[in-house]
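One structure below.
The values are calculated or read from the model by the stated rules, or taken from the named source; none is laboratory data. For clarity, every value in this text was computed on a predicted model and none was experimentally measured. Here the Cβ positions follow ideal geometry from the backbone for every residue, glycine too, while neighbour counts run over all protein chains shown.
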């Protein structure tokens, strides 16, 4: 009887493992390469090369971002250790520095294009011909608005014309990149990266109504349970991509959340520092939460799975985030980040 019980248990565990599937991925975000004048948005090619070599040496599956998102939306199984590489703004160093390396490794990548500087033939940005060439070797392109403005803050300054203004910014970019880049533009699904990573509930609804997936800049892995109007990415510039950190971040798992008190991001003088309430799917006793500066947040446990987190000091303009992590299994960590957009006092 004991042997039969063990056999049935083994069969159950095997079936469970076969039914389980990878439902999450890590998305990396870059801007500039080897542009030392812009330390907050640039990564050295030495470090970028180490990162790409790490992905190759450790058998990571590098997919186009649009494919990763489509699989998650449709709840299809992802390969183990899926990573997507995204690059914002379309600076010239994408072509002169990053592209030859990505081509060498045969890694696909996604460039979010704000089209005004390309239209005006700025020497600091990619050309349409360069983008078309990269499209032959793994590049895809997506919307980053026409002129890369502060859309959330524009809405506060000019609420009357806000919807018209944002719609024009998005549609003008989409028309231009589709005309120039054709089937290399993400259309299934359509994807938009928010300028400066800023969004609020009003902008999310507008972008959703236009048929887009929304992409942010605050950190964390994505899964089939993510908010597809504010997908998170790990910024790799400004010292955030050092190899020790890189190895941790590309192995992160989504924090098992049951609920978040609100997806709202706006912080005014009246609610600064903001409070965020997280309800976990299971108790995580080693959960810790921090501001963008690494300051520990005050944590008040309402029960074994619900916690209120709040900065001890008001957050400073223009942006910040609360990041919560906990040990998962082996060397892996759970990770969740919530964006805050801090408004100036009038």
Whichever residue in the range 17-37 is at pLDDT below 95 and touching a strand residue (DSSP E or B) at 6+ places or on another chain (Cβ under 8 Å) and, among such residues, is nearest to residue 215 (Cα to Cα) = 23
Out of 84, 93, which single residue is under 15 Å from residue 29 (Cα atoms) and within 17 Å of the chain's Cα centre (by Cα)?
-> 84
Taking the residues in the range 319-346 that are more than 22 Å from residue 284 (Cβ to Cβ) and touching a residue at least 60 places away in the same chain (Cβ under 8 Å) as candidates, determine which candidate is surrounded by the fewest Cβ atoms within 10 Å (Cβ to Cβ).
-> 345
Considering every residue within the range 294-304, establish whether at least one is within 28 Å of residue 55 (Cα to Cα) and either at pLDDT 95 or above or surrounded by fewer than 17 Cβ atoms within 10 Å (Cβ to Cβ) (or both).
-> yes
Can residue 200 be described as over 19 Å from residue 340 (Cα atoms) and not assigned by TED's automatic domain parsing to the domain that holds residue 321?
-> no
Count - residues of the range 127-147 that are in contact with a strand residue (DSSP E or B) (Cβ under 7 Å, 6 or more places away or on another chain) and in a loop (DSSP other than H, G, I, E, B) = 2
Only residues in the range 208-226 that are without any contact (Cβ under 8 Å) to a residue 60 or more places away in the chain count as the first member; pair them with residues that are in a loop (DSSP other than H, G, I, E, B), Cβ under 7 angstrom, at least 6 apart or cross-chain, and list the lot.
-> 208/229; 214/194; 214/199; 214/229; 214/230
Consider residue 245 against the criteria (1) at negative phi; (2) in the same structural domain as residue 150 (by TED's automatic domain parsing); (3) surrounded by 15 or more Cβ atoms within 10 Å (Cβ to Cβ); (4) not in a loop (DSSP other than H, G, I, E, B): it satisfies all of them except one. Which criterion is unmet?
-> (3)
Is there any pair linking a residue in the range 63-91 that is within 30 Å of residue 130 (Cα to Cα) to one that is at pLDDT below 95 and part of a strand (DSSP E or B), with Cβ under 6 Å and at least six apart or on different chains, and which?
-> none
Restricting attention to the range 177-194, which residues are surrounded by fewer than 23 Cβ atoms within 10 Å (Cβ to Cβ) and within 17 Å of residue 149 (Cα to Cα)?
-> none
Just wondering, is there one or more residues in the range 262-272 that are within 19 Å of residue 226 (Cβ to Cβ) and at pLDDT 95 or above?
-> yes
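Report yes if some residue within the range 172-188 is within 27 Å of residue 320 (Cβ to Cβ), assigned by TED's automatic domain parsing to the domain that holds residue 116 and in contact with a strand residue (DSSP E or B) (Cβ under 8 Å, 6 or more places away or on another chain); otherwise report no. Write out each step before concluding.
Of the residues in the range 172-188, the ones within 27 Å of residue 320 (Cβ to Cβ) are none.
No, the range 172-188 has no match at all.
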Please specify each residue of the range 149-163 satisfying the condition of being under 24 Å from the mean Cα position of the chain (by Cα) and touching a residue at least 60 places away in the same chain (Cβ under 8 Å).
-> 152, 153
Just give me the residues in the range 193-225 being under 11 Å from the mean Cα position of the chain (by Cα) and not in a strand (DSSP E or B), in sequence order.
-> 194, 197, 216, 217, 218, 219, 220, 221
Looking at the range 276-291, which of the residues that are surrounded by 18 or more Cβ atoms within 10 Å (Cβ to Cβ) and assigned to a loop (DSSP other than H, G, I, E, B) is farthest from the chain's Cα centre (by Cα)?
-> 284
Within the range 294-304, which residues are in contact (Cβ under 8 Å) with a residue 12 or more places away in the chain and either in a loop (DSSP other than H, G, I, E, B) or in contact with a helix residue (DSSP H, G or I) (Cβ under 9 Å, 6 or more places away or on another chain) (or both)?
-> 295, 297, 302, 304
